[in-house]
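Readers should treat all values here as calculations from the given coordinates under stated rules, not as data from a laboratory. Predicted model only: the values in this text are computed from it and were never measured. Neighbour counts are summed over all protein chains in view; Cβ atoms, including those assigned to glycine, are modelled from backbone coordinates with ideal geometry.
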Amino acid sequence: MGCCCCEEVEDYEAVAPPDLRRPLNPGHHHGPEAQPSTDLVISPMNSNFSALLCKDTLRAILEKLSLADLARSACVCKLWYSVAADRDMQIKAFISPWKLRDVVGNPTSAGFWRDNSLSKFAISHRLSRGDSVASLAVKYSVQVMDIKRLNNMMSEHGIYSRERLLIPVRQPDILINSVCYIELDIHAKREVAVLYLEGGPERNLNALLNRLTIERAKRKVIDSLKRSMHFDDGTAQYYLSISDGDPRAALTQFSEDLSWERQVRQA
């Protein structure tokens, strides 16, 4: 877990507020009117608080904290950081509020563990023919703009260049007893805890290589269509999609649509 401060705090006494610092001379009263304080807050690094210097005791306490408080605890000193940054501790704090069964994968950024709000989760929907952003919004009871925002989409045409869309989670009950996979989505350009409602992510190397080969071949066809039809990438992908991947059928369909548009203008 990344520390929430710019640098690790090695000496808590050096940065603690005055009311949290231990007295210079414990038990000694300065002046005749000075009275012993019954509300003194002892610094965690005070020798009188030696229990917090034991890793086992410290772990038992920190594991009760929320994810945000656990991140703050990592800023106290090196000892606290070593306990609060433990992966098992992070995962437990991450999954606890949502009653997840487990989280699989390692985030590329330590900052991933500082927040486990509902916006951190998404459902993976594998796209099939006939899917649209609007139909998926209805299916999952979310807003169209929320899907576009999460997937970094500027227009509807962006759907045709992808194999899946991330769907925002709006009902936290869906996370109960589920397994989420930490993934960096190349289109959304962010790390999310992805929930697969059917199956799971592809882990088979041959499947990944086959998909990469198909994607490269598809890219060549799309580039060819763009040169032939003189329009943008999204439009080329759209016509290739509705033509079942047949370049000639895509060109034919485009020509028919173009002729129809000319007739409408002349009418």
Label-to-label distance, nm, for residues given as N177 and S128 (7 Å Cα→Cβ offset): 2.6
Less than 13 Å Cβ to Cβ from L165, Lys/Arg counted +1 and Asp/Glu -1: what total charge do the surrounding residues give? +1
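How much length is gained on full extension from S66 to H157, taking 0.36 nm per residue of separation minus their Cα-Cα distance?
So the chain would gain 28.7 nm between S66 and H157.
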Between C75 and residues 5 or more places away or on another chain, the pairs with built amide H atoms under 5 Å apart involve C4
Too long at a 28 Å Cα-Cα cut-off: which of K64/K139; K92/K148; K92/K189; K55/K92; K139/K189; K92/K139? K64/K139; K92/K148; K92/K139
Sorted by average packing, counted as other Cβ atoms within 10 angstrom per residue and highest first, what order do 145-151, 120-126 take? 120-126, 145-151
